[in-house]
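Coordinate-derived values only; no laboratory data. Worth saying up front: this structure is predicted, and the values here are computed from it rather than measured. Neighbour counts run over all protein chains shown; Cβ positions are idealised from the backbone, glycine included.
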Amino acid sequence: MKRNVLVLLLTYLSFFKGFTQSTRTEENFDADWLFARYGLQADGSRISEPTDSSLLASTSFDDSNWRKLRLPHDWAVECNFRADLDGRTGKLPWRAIGWYRKHFNVPSTEKGKQFYIDFDGAMANAEVWLNGNKIGEQPYGYTSFRVDLTPYISLGKENVLAVRLNTEEWGSRWYPGGGIYRHVHLVKTEPVHVAQWGVSVNTPEITNEYGMASVNVSVLNNLAKTVQLKYTVDIYELNKNGDAGRKVVTSNKQDLEIKANQSSTGNVMLKVANPKLWDLSNTNRYMVRVSVLSENKPVDKYETFFGFRTIRFTHDNGFLLNGKRVQLQGTCNHGDLGALGAAANIHGLQRQLSILKSMGCNALRTSHNPPDPELLELADKMGFLVMDEAFDCFKISKDDKSNGKDYARLFDKWHEKDLSALVKRDRNHPSVILWSMGNEIPEQHYPDKFYLFEELKNIIRKYDTSRPVTCGVSFPKNTAFNGVELVMDVHGMNYPPNKSYGSPDLYERFLNFKGHENLPGFASESSSTISTRGEYFSKNFQVSSYDLRQPGWGTLPDEDFAALDKSPGICGEFVWTGFDYLGEPTPFNSDASILLNYNGLSKEELEKKKAELEKIEKNRPPSRSSYFGIIDLAGFPKDRYYLYQSRWNPDVPMVHILPHWNFPDRVGKITPVFIYTSGDEAELFLNGKSLGRKKKQPYEYRLRWDSVSYQPGELKAVAYKNGKRWAESLVKTTEAPAKLKISADKSVIKSDGEDLIFVTISVTDKNGAMVPTANNIISCKVEGPGEIVATDNGDATCLIGFTNPVRPAFNGLMLAIVKAKANQSGKLKLIVESEGLGKSSVTIDVKSLTH
């Protein structure tokens with residue numbers, strides 16, 4: 001009997017101990033929101049808010065007819081495209097006033113706690129209310145922010161959280177989306193707790209034998225009295241699943257005194273034996289756990305992740321990661337996920353990064369704003385280096401079409417808050433190697449305004465001194481030598497080899513310029529080559545995929561490769577862009593996006609350009625997404641993908657032939673053939689006959705046969721490296737479209753409301769070969785516990801809404817994105833059908849989180 005009582009007592013104490021230690025909770029707050037759209041509607045009409053718009057935040061407001069949805073939510077991507085809207089923002093009706101409401105309860109047993117809502121991002125001009133009381137705002141739609149619910153929360157009864165967003169009062173040069181488009185979290189703590197992003201970790205010294213971790217802790221006291229605290233810091237290895245494994249070190253108890261309603265900081269230096277380094281192929285990470293005690297009772301536990309690694313940008317040897325030179329093989333990317341719009345989704349992000357990784361990409365630039373925090377989590381896990389960027393302008397508005405509604409109107413009041421939030425949020429990620437103040441900032445041309453760059457750099461250094469500060473600076477023929485570059489720790493140059501904006505020898509000039517003896521440099525934006533997947537003879541607002549066209553400020557990939565090879569001291573490049581994105585459809589813009597780099601033009605030149613734009617405006621091209629991507633909007637690689645792959649993965653055998661070989665109208669006509677290969681020479685065969693063997697010459701990166709006379713049949717390329725057979729590839733003329741082929745990127749999906757499956761649909765001939773000219777109309781439907789989220793085909797001129805399950809294939813391919821219905825299980829079947837091509841299907845297992 002006594003033994004049973006003892007067991008019960010121990011069980012009770014174990015439960016109580018676990019309960020008291022679970023003082024901080026964070027829960028996903030994405031489900032069960034209500035939404036209504038006011039202001040501009042998708043069709044161009046208008047629904048006015050009540051005269052007193054705050055009535056929509058009232059607890060008594062009747063929201064029973066509002067739409068129920070789950071966040072993240074982009075209110076524009078679910079709408080139809082409109083031909084009358086600007087191509088530069090994707091021809092989607094993103095301008096509106098959106099209201100969100102959420103009803104929730106907090107048990108009365110949680111009396112005395114602090115309650116916060118954390119928004120990863122809300123576009124734009126966010127105003128937040130709780131139970132009719134305005135409690136916070138954040139105008140910059142890319143900034144993550146916290147709102148304190150505690151003063152107005154009701155315990156034991158229903159609460160109403162309301163959020164108003166207004167994109168009518170926001171200006172953008174690309175598609176920004178609209179809505180609470182990133183995740184939301186409900187955080188509950190004791191009144192004394194670690195502040196938001198309140199633990200930072202630096203690794204100031206790393207050897208083979210040990211690594212020093214400097215852990216800075218900021219604790220907030222919301223009590224009306226001074227408190228005496230103790231805290232400890234533990235460091236754990238993370239296993240392959242990202243879970244805490246072996247504890248590697250623990251600190252002694254540290255004392256901290258915090259006055260009433262203030263915060264205080266402490267620092268602990270810990271020595272970790274034989275640290276496992278984070279690098280691009282071995283993404284070893286650690287977890288820091290800070291445990292806070294008051295009166296010997298646990299009041300908070302806070303966890304964050306970091307990695308041991310060293311970074312160094314040099315003037316003469318490029319970028320060094322853990323002491324080894326690593327060429328930055330980066331891409332710039334805007335934040336949308338193609339057919340998913342701006343709405344955050346970790347599975348969509350992971351798909352994008354996996355495609356980039358296979359190309360050899362190792363670095364990302366978050367153009368031109370703070371990213372979704374999930375992007376950095378993936379970069380840490382998958383092995384990418386990140387240039388983390390803050391703004392697209394400072395005080396001078398960049399885009400006259402925004403009528404001064406871009407960040408320039410926010411800068412004075414908000415720049416310190418927004419920049420501080422970015423650095424504090426992201427400073428523990430080992431993937432982040434550069435802080436970028438901004439992109440092509442107009443103040444770069446005015447020495448009397450360089451103090452703004454200094455001011456922002458000092459804000460960054462207030463919260464992190466372990467990473468260099470940079471900026472993407474345009475017109476490097478001037479701005480790499482006018483003194484603005486001396487403000488930077490590392491100088492980022494946009495389009496340095498361009499003959500008008502830079503020069504072919506600009507890197508050499510930069511490295512040898514007096515005063516630059518210790519200044520590292522890199523191409524913060526490069527190339528801007530434009531192309532359309534599978535199109536080779538431009539027509540119907542498409543751009544040839546021979547990869548020989550770029551806008552006035554841009555360069556071909558080959559020019560950037562050559563410039564970098566001639567100047568190995570330069571750290572590398574970030575190509576514009578990895579993926580096509582919504583908006584900025586250069587060269588078929590009907591708007592100001594053609595003036596991406598207009599800041600250095602004279603007034604006369606600018607007026608001339610504006611006159612050209614007025615002529616273009618009358619034609620109103622149909623294009624709604626960019627042509628810059630190495631990969632199209634649907635995630636299908638263009639030919640350029642293989643040019644970069646041959647450059648960035650030189651040790652992987654590969655050879656790629658372009659164009660396809662389906663040109664019935666070109667028999668006997670000259671049809672150039674290009675080969676991209678990681679080999680150093682290749683031989684081309686047409687129907688078994690050799691057309692010659694060619695070797696890459698110095699600073700040559702593609703092999704060209706410019707005078708091939710088209711005959712249907714087979715092209716074959718055999719690549720060689722160091723005289724030995726390296727790789728080969730075939731391109732054949734196909735027969736007529738005959739059937740559909742369907743391929744899903746995985747076979748099991750979770751019914752958590754977020755997991756996605758990306759399905760590639762190919763139009764093939766009777767032999768199973770993809771027909772590269774096929775544009776058959778395909779319809780999709782789902783049977784079972786699932787639904788089609790979106791479809792796309794990568795065609796920048798296709799104005800069929802993404803939610804439509806019926807669209808034509810584009811040059812043989814189409815994408816369907818599928819998710820499971822929430823909290824269901826079983827099997828779902830995606831069925832695709834096209835007239836004359838029959839049906840095809842794929843079956844996917846749906847797993848409920850409760851199973």
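Things to note:
- Long hydrophobic helices in the chain, taken as whole DSSP H segments with a C-alpha length of 24 Å or more on their own axis and mean Kyte-Doolittle hydropathy at least 0.5: 2-21.
- Local electrostatic count, Leu548, Cβ distance below 15 Å [Lys/Arg +1, Asp/Glu -1]: -3
- Placing a label point 7 Å from the Cα of Gln41 along the Cα-to-Cβ direction, the residues of segment 67-86 with a backbone N closer than 14 Å are 80.
- Centre separation in Å (Cα based) which lies between segment 185-207 and segment 274-302: 9 Å
- Extension gain from Arg725 to Ala260, taking 0.36 nm per residue of separation minus the Cα-Cα distance: 160.0 nm
- Evaluated over segment 25-189, the Cα radius of gyration and Dmax, each in Å: 16.1, 55
- For segment 311-619, the normalised intensity computed at q = 0.06, 0.08, 0.11 Å⁻¹ comes to -0.19, -0.34, -0.66 (log10 of I(q)/I(0), Debye sum over alpha carbons, equal scatterers, no solvent).
- Antiparallel %, DSSP beta bridges [both residues in segment 739-847], to 5: 90 percent
- Pairwise alpha-carbon distances in segment 452-561 exceed 23 Å for 40% of all pairs.
- Dividing the Cα radius of gyration of segment 155-235 by 2.2 N^0.38 Å, with N the residue count, gives 1.77.
- Between Thr59 and Thr150, the contour length at 0.36 nm per residue exceeds the Cα-Cα span by 31.1 nm.
- In segment 37-107, Cα pairs under 8 Å separated by at least six residues give a relative contact order of 40 percent.
- Legend: residue pairs Lys225/Lys253; Lys638/Lys689; Lys324/Lys381; Lys253/Lys297; Lys301/Lys424, Cα-Cα distance threshold 25 Å; pairs beyond threshold, Lys638/Lys689.
- Rg/Rh for the chain stands at 0.97; both radii use Cα atoms, and Rh follows the Kirkwood definition.
- Using the Cβ-Cβ distance between Lys395 and Met269 with R0 set to 30 Å, the FRET efficiency from 1/(1 + (r/R0)^6) comes to roughly 0.15.
- Computed lengthening from Thr25 to Asn241, 0.36 nm per intervening residue step minus Cα-Cα distance: 75.6 nm
- Calculated mean residue ellipticity at 222 nm for the chain: -4500 deg cm²/dmol, from DSSP H runs with n ≥ 4 weighted as -39500 (n - 2.57), summed, divided by the residue count and rounded to 500.
- For segment 20-53 versus segment 806-851, the gap between their alpha-carbon centres in whole angstrom: 30 Å
- P(r) weight above 17 Å for segment 739-847, C-alpha pairs, percent: 49 percent
- Look at the alpha carbon pairs under 8 Å that are at least 6 residues apart: their mean separation over the length of segment 466-580 gives a relative contact order of 24 percent.
- Rounded to the nearest Hz, the phi-derived 3J(HN,Hα) couplings of segment 829-841 under the Karplus curve 6.51 cos²θ - 1.76 cosθ + 1.60 (θ = phi - 60°) are 10, 9, 10, 10, 8, 8, 4, x, 10, x, 10, 8, 8, where x marks glycine and proline.
- Beta-bridge orientation, the chain: approximately 85 percent antiparallel, per DSSP, counting only bridges with both partners inside.
- Computed from the C-beta positions of Lys324 and Ser108 and an R0 of 56 Å, the FRET efficiency is 0.45 to the nearest 0.05.
- Net charge of Cβ neighbours under 15 Å - reference Asp795; Lys, Arg +1; Asp, Glu -1: +2
- Environment charge of Phe450, counting only residues whose C-beta is closer than 11 Å and scoring Lys/Arg +1, Asp/Glu -1: -3
- Measuring nothing but how far apart in sequence close Cα pairs (under 8 Å, 6+ apart) lie, relative to its length, segment 25-189 scores a relative contact order of 33 percent.
- Taking Asp580, Asp680, Asp412 and counting other C-beta atoms within 10 Å, the order from fewest to most: Asp412, Asp680, Asp580
- Segment 514-551-segment 60-99 distance, computed between alpha-carbon centres (Å): 33 Å
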